[in-house]
Amino acid sequence: MKKDTHKTKVVFLKNLKNEVYDWCYAYFPDEKYSQQIGVYNCYSHVGQHSACHEDYAKDSVLCTKKEYKDLYAELTGLGYNLAVLDTFPLVTKAANVN
């Protein structure tokens, strides 16, 4: 697929309250999903593009590069030109790196 020329801001997160907490999702903070306040685009291996409320993102932690590398590869394979954010104002917790 042709690579996008526009850089898309993305932050890779995982929600530890989720029953399946070991997977990352891509949260696009500049891409509104709908006109509903606080709802943005996200992407995961399962479900692909979907909506994500900022409150869900606030309850998440940042993924490590090792954790999100497969998802990053999937998104760039779809043509995304990603600008990965190392920090994200809504998220104050870092992933537990073992």
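FYI, it's all coordinate maths here, none of it is from the lab. Everything quoted here is computed from the prediction, not taken from an experiment. Here the Cβ is made from the backbone with ideal geometry for all residues, glycine too, and neighbour counts use every protein chain on show.
Key figures for this structure:
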| item | result |
| --- | --- |
| Residues whose placed amide H lies under 5 Å from that of Glu31, excluding near-sequence neighbours | Asn41 |
| Mean Cβ neighbour count within 10 Å, used as a protection proxy, ranking 6-13, 51-58 highest first | 6-13, 51-58 |
| Label-point gap, in nm, between Asn81 and His6 - each point 7 angstrom along Cα→Cβ | 1.1 |
| Relative intensity, log₁₀ I(q)/I(0), of segment 7-84 from a Debye sum that treats every alpha carbon as a point, q = 0.12, 0.18, 0.20, 0.21 Å⁻¹ | -0.29, -0.68, -0.84, -0.93 |
